[in-house]
Amino acid sequence: MSDSSPRNPVAIKCPTDRCKCVVFPGRAATLVHRKPREKLPAIGSDLFKCPEIPEQVKRMMDTPKPDEEPKEYYWMVADVMAFDNVGVSHTKDGIKYLSCADCDLAPIGYHDTKVAVGSKAEYLIAIDRVAYKQ
């Protein structure tokens, strides 16, 4: 991860209208794209509405080329302690799912215990499963 990597410009929070718990503050995470390893399970709540991704975040994302494999974008932190509020599930098939620590909305992201970039772990929050504090 270089210093020129795009960082979240604003705080990232739980997407439900009732909660709005801050998951992590602005500039705490790096925008990364990963090949879809497996889709995150659906969020099992009627309270979840797919939030709109702010234009300033959309501008950070690469425009896919027609011959490229699909990409999924995530906010990545290398240490679980970088979160203000996050719940972490028990490991299932090498994956720990991440949730809102206040209302338990899940999954908003995941941590693959078998994958590390260099010597660092990756905790990934899906950019389309969180809200953005403007």
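Scanning the stretch 4-28 for residues that are open to solvent by 70 Å² or more (accessible area, probe 1.4 Å) and farther than 14 Å from MET76 by Cα, we see that the one that is modelled with the lowest pLDDT is SER4. Only residues that are surrounded by fewer than 14 Cβ atoms within 10 Å (Cβ to Cβ) and not charged (D, E, K, R) were counted across the stretch 76-85, and they come to 2.
Between ASP67, ASP62, ASP46, ASP79, the distinction of being at pLDDT 90 or above and among the acidic types (Asp, Glu) belongs to ASP79 only. Taking residues in the stretch 51-75 that are among the acidic types (Asp, Glu) and surrounded by fewer than 16 Cβ atoms within 10 Å (Cβ to Cβ), and partners anywhere that are outside any loop (DSSP other than H, G, I, E, B) and at pLDDT 70 or above, the pairs with Cβ atoms closer than 8 Å and at least 6 places apart or on different chains are ASP62/HIS33. Only a single item in (1) at pLDDT 90 or above; (2) assigned to a loop (DSSP other than H, G, I, E, B) is not met by TYR110, and it is number (2). For the stretch 58-69, the condition of being part of a strand (DSSP E or B) and not hydrophobic (A, V, I, L, M, F, W, C) holds for none of the residues. Picking from residues in the stretch 86-99 that are modelled with pLDDT under 95 and assigned to a loop (DSSP other than H, G, I, E, B), the one that is least open to solvent (accessible area, probe 1.4 Å) is GLY94.
Among all residues of the stretch 112-130, there is none that is in contact with a Ser or Thr (Cβ under 9 Å, 6 or more places away or on another chain), under 16 Å from ILE12 (Cβ atoms) and open to solvent by less than 50 Å² (accessible area, probe 1.4 Å). The test for being surrounded by 13 or more Cβ atoms within 10 Å (Cβ to Cβ), at pLDDT below 90 and either within 24 Å of VAL117 (Cβ to Cβ) or among the polar types (S, T, N, Q) (or both) does not hold for LEU31.
The values are calculated or read from the model by the stated rules, or taken from the named source; none is laboratory data. These numbers were taken from a predicted model, which means no experiment stands behind them. Methodologically, a virtual Cβ is constructed for each residue, glycine included, from the backbone with ideal geometry; neighbour enumeration extends over all protein chains shown. The protein model used for the area step is the full one, side chains on, heavy atoms only, and it has no ligands, DNA or RNA in it. Shrake-Rupley method; radii C 1.70, N 1.55, O 1.52, S 1.80 Å.
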